[in-house]
Amino acid sequence: MTHSLTNTARMLGAGLRALLALTLVTGVVYPLVITGIAQGLFHGQANGSEIKADGKVVGSSLIGQNYSLPLEKGQDSPAPDLKWFQGRPQNGLGVNTQYRLILSGATNRSGDNQELVQWVKDAKAAVVRANSTAGHTVEPSEVPADAVTSSGSGLDPDISPQYANLQVRRVAERNGLPVAEVRSLVDEHTEGRVLGFMGEPRVNVLELNIALKELLARG
């Protein structure tokens, strides 16, 4: 009986020591080492790919955000503030609404789903209306797919150069800027394919709007 209790105590002691050692290694040492490596080699990515403006963090280069007017009485969702470049659709076309990070996902509707088809038609009509100016009428055929559909996550921070350029005249008109100057901003913030062959050219909307704000401040 005494021998059995001694073995049991020895096994419990060994298990406790193993638990403490593994807790120290995997719960303290390993996280600290990995955090140190990440901060040293990938500081920006480790801290959420933050974007700063005027010395303050205003968002992440990985997460889209909305540029809307204050919500008015009777509105289900705020109207877009058309003096800024707009990102991909935030409402209706994906699970995510208004880039709320608690939800992320797509509609999972098929391409011939009538509700989805109507959403796309309504979104295209809205893009045409919003971006047609006194001197230029946007044709429906000019509207790219990313202007009327959300991304798979609903959080895409980028738009295509085609959609950015479609908004140039409207942004220039709303801010009293030359079209050529605004178009130059888009060109400066257009990124090519990763490594020259992966993905598509893209424009980060937050970075573009920060540059627009700086341009307006200089004027």
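The values are calculated or read from the model by the stated rules, or taken from the named source; none is laboratory data. Quantities reported herein were computed from a predicted structural model and do not represent experimental measurements. All Cβ positions, even for glycine, are placed from backbone atoms using ideal geometry, and neighbour counts span all protein chains on display.
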Q) Among the residues of segment 163-175, is there at least one that is surrounded by 15 or more Cβ atoms within 10 Å (Cβ to Cβ), at pLDDT below 90 and more than 23 Å from A217 (Cβ to Cβ)? A) no
Q) Can you name every residue in segment 125-145 that is surrounded by fewer than 20 Cβ atoms within 10 Å (Cβ to Cβ) and assigned to a helix (DSSP H, G or I)? A) A125, A126, V128, R129, A130, P140, S141, E142, A145
Q.
Quick check on this structure: which one of L195, L177, L216, L212 is hydrophobic (A, V, I, L, M, F, W, C) and either in contact (Cβ under 8 Å) with a residue 60 or more places away in the chain or touching a strand residue (DSSP E or B) at 6+ places or on another chain (Cβ under 6 Å) (or both)?
A. L212
Q: Inspect segment 199-209 for any residue being free of Cβ contacts under 8 Å to residues at least 40 places away in the same chain, buried (at least 21 other Cβ atoms within 10 Å of the Cβ), of a type outside the set (S, T, Y) and within 16 Å of Y67 (Cβ to Cβ) and give the result as yes or no.
A: no
Q. Would segment 153-173 turn up any residue that is farther than 16 Å from R88 by Cβ and touching a residue at least 60 places away in the same chain (Cβ under 8 Å)?
A. yes
Q. In segment 93-112, is there at least one residue being surrounded by 14 or more Cβ atoms within 10 Å (Cβ to Cβ), in contact with a Ser or Thr (Cβ under 7 Å, 6 or more places away or on another chain) and modelled with pLDDT of 75 or more?
A. no
